1. Which one of 77, 167 is modelled with pLDDT of 90 or more, touching a Phe, Trp or Tyr at 6+ places or on another chain (Cβ under 7 Å) and crowded, with 16+ Cβ neighbours inside 10 Å?
2. Would you be able to say whether some residue in the range 230-237 is within 17 Å of residue 164 (Cβ to Cβ), in a helix (DSSP H, G or I) and not basic (Lys, Arg)?
3. Is it the case that some residue within the range 130-147 is β-branched (Val, Ile, Thr), assigned to a loop (DSSP other than H, G, I, E, B) and closer than 26 Å to residue 251 by Cβ?
4. Considering only residues that are surrounded by fewer than 17 Cβ atoms within 10 Å (Cβ to Cβ) and modelled with pLDDT of 90 or more, look in the range 128-151 and name the one that is nearest to residue 247 (Cα to Cα).
5. For residue 141, state whether it is within 26 Å of residue 307 (Cβ to Cβ) and either in contact with a helix residue (DSSP H, G or I) (Cβ under 7 Å, 6 or more places away or on another chain) or of a type in the set (Val, Ile, Thr) (or both).
6. Against the conditions (1) within 20 Å of residue 40 (Cα to Cα); (2) of a type outside the set (A, V, I, L, M); (3) under 16 Å from the mean Cα position of the chain (by Cα), where does residue 175 fall short? Just the number, please.
7. Looking only at the range 189-229, count how many residues are crowded, with 18+ Cβ neighbours inside 10 Å, in a loop (DSSP other than H, G, I, E, B) and of a type in the set (Lys, Arg).
8. Mind checking which residues of the range 70-103 are among the hydroxyl-bearing types (Ser, Thr, Tyr) and without any contact (Cβ under 8 Å) to a residue 12 or more places away in the chain?
Amino acid sequence: MTRRSGEAPAPLSPLSTPLRRVRALEKASKLLKRFEDHVFVRYAPRTASNYLRAVGVFVGWLAERGLALPDVRTDDVLAYQMDVFNARKKDGTPYSSAEQLHRLSALKTLYRFLCRRGLLLHDPTAAVEYPRQEQRLPRGVLSLKEARRIVEAPATHTPLGLRDRAVLEVFYATGIRASELANLTTQDVDVEERILRVVRGKGRKDRNVPLTTAAAEALQAYLLEGRPHLPRATRSSLLFLAQRGGRMHTATLNDVVQLWAKKVRIKKKVTCHTLRHTVATHLLKGGADIRHIQALLGHASLSSTQRYTRVEIQDLLQVVKRAHPRGR
């Protein structure tokens, strides 16, 4: 089915809908296979999977309307964008602007690829603008005392205790992403030089990050006394191993962080990303340059790091207490 730009699709009869939906899906599958091969080469596995999932939702939306990927016009993309904006999750809440941005970004990536490869002549997403992003402050940043209590919580007389202490120290020292920490190998750490090498982090970029003395010591203790006693230690190159010797996925790492946060009775919701926000905030308050923090966190854009420069509420309370006539 072909349409002119701006022309609404013809209404479908109940009898024709299933057949047209099948044909639309078959037509899309060949293009999607090419796109799938592309994203898994171009992006990290998690990003590629998220893009394919978002594109799959869009293809299903098109199929319900009897459309295939080549038939899409700008009006269709705008209609889909409006449907996403009005959609609600299972708990009745709307999708965040970040989710809306992700879905549109996946479509733009798809159509740019198809046009560049000569598989399509027209990019219907080219004129569609990204939704405005919500400017939110990082939530649940830990205080200095809270961070120290969590990091020092694991007992270091067991292999798993040594592992957890090293994991927490590395998180708090570097602000590394959970996915990046899960991919670290034993070759990526130099405890003598106190350097950690993040290979193919977000955006498939490598970077070196410094370790604190405490993190380097915790890693050395784990490598010498903890890791050799974990299952499959001699057969795996991964730095951090799960209890049964496999990879520590993001969910597992979050479980470790939350476990020790509860052990020391931290009431805030603490995740791996909480430690990342905490590192940036503490460094900034300690006088670190914003560009150095950007390099440490691996932010591609300085704007991602600049949100930490906003005035902290505790700092604001101190100002009010000192300067307001009734603050004392």
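1. It is 167.
2. Looking for residues that are within 17 Å of residue 164 (Cβ to Cβ), in a helix (DSSP H, G or I) and not basic (Lys, Arg), one finds none in the range 230-237, hence no.
3. yes
4. Selected residue: 148.
5. So residue 141 fits the description; yes.
6. Residue 175 satisfies every listed condition except (1).
7. Residues in the range 189-229 being crowded, with 18+ Cβ neighbours inside 10 Å, in a loop (DSSP other than H, G, I, E, B) and of a type in the set (Lys, Arg): 0 in total.
8. Selection gives 93, 95.
The values are calculated or read from the model by the stated rules, or taken from the named source; none is laboratory data. Remember, it's a predicted structure, so these values are computed and weren't measured experimentally. For neighbour counting, all protein chains shown are included, and Cβ atoms are generated from backbone atoms with ideal geometry for every residue, glycine included.
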